[in-house]
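Could you have a look at this structure, given as structure tokens, before my questions?
The values are calculated or read from the model by the stated rules, or taken from the named source; none is laboratory data. Just so we're clear, the structure is a prediction, and the values are computed from it rather than from any experiment. Here the Cβ positions follow ideal geometry from the backbone for every residue, glycine too, while neighbour counts run over all protein chains shown.
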Amino acid sequence: MPLTPETLPRHELVGLDCEVVAASNPAAVGIRGTVVMETTQMLTIEGADRVWHVPKDSATFSFAIDGQRVRVDGDRLVARPARRTENTGDSLWR
């Protein structure tokens, strides 16, 4: 399945450019960088000068895909990465 704005929550996020556009912690808003690690509850974002650990469920993220920005509510991303990417019936690996 190709990576499109509609299918982003079902794809691997590591390696994508990311920005925190809203968060329950105001200090997290504006964090920008590359996703370097993902767990069930956290995205690890590496910026130019440091690494941040941002909880998924309390933030809204903007990802860069093919020159456009795609905004995703973090609640849609809360799951083990392997489970989140295979959870619909069209996966070839099930």
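List the number of the failed condition for Val51; all other conditions in (1) modelled with pLDDT of 95 or more; (2) within 12 Å of the chain's Cα centre (by Cα); (3) among the aliphatic types (A, V, I, L, M) hold.
(2)
I've got another one for you. Can you find a residue that is loosely packed, with under 15 Cβ neighbours inside 10 Å and assigned to a strand (DSSP E or B) anywhere in segment 10-22? Give the derivation first.
Just the residues of segment 10-22 that are loosely packed, with under 15 Cβ neighbours inside 10 Å, to begin with: 12, 14-15, 17.
Of the ones still in play, those that are also assigned to a strand (DSSP E or B) are 17.
The answer is yes; a qualifying residue exists.
Taking only pairs six or more apart or across chains, which ones have beta-carbon atoms under 7 Å, a first residue in segment 40-52 that is among the β-branched types (Val, Ile, Thr), and a second residue that is part of a loop (DSSP other than H, G, I, E, B)?
Thr40/Val78; Thr40/Ala79; Thr40/Arg80; Ile45/Ile31
Can you pull out every residue in segment 48-63 that is touching a strand residue (DSSP E or B) at 6+ places or on another chain (Cβ under 8 Å) and exposed (fewer than 14 other Cβ atoms within 10 Å of the Cβ)?
So in segment 48-63, the residues touching a strand residue (DSSP E or B) at 6+ places or on another chain (Cβ under 8 Å) come out as 48, 51-56, 58-63.
Matches in segment 48-63: Ala48, Val51, His53.
Residue check: is Arg32 modelled with pLDDT of 95 or more, in contact with a strand residue (DSSP E or B) (Cβ under 8 Å, 6 or more places away or on another chain) and of a type outside the set (S, T, N, Q)?
So Arg32 fits the description; yes.
Taking into account only those residues within segment 64-81 that are assigned to a strand (DSSP E or B) and in contact with a strand residue (DSSP E or B) (Cβ under 6 Å, 6 or more places away or on another chain), which is surrounded by the most Cβ atoms within 10 Å (Cβ to Cβ)?
At the first step, the residues of segment 64-81 found to be assigned to a strand (DSSP E or B) are 64-65, 68-73.
The next check asks that each one be in contact with a strand residue (DSSP E or B) (Cβ under 6 Å, 6 or more places away or on another chain); those that pass are 64, 69-73.
Details: Ala64: 14, Arg69: 12, Val70: 17, Arg71: 13, Val72: 19, Asp73: 14.
Once the filter is applied, the top-ranked residue is Val72.
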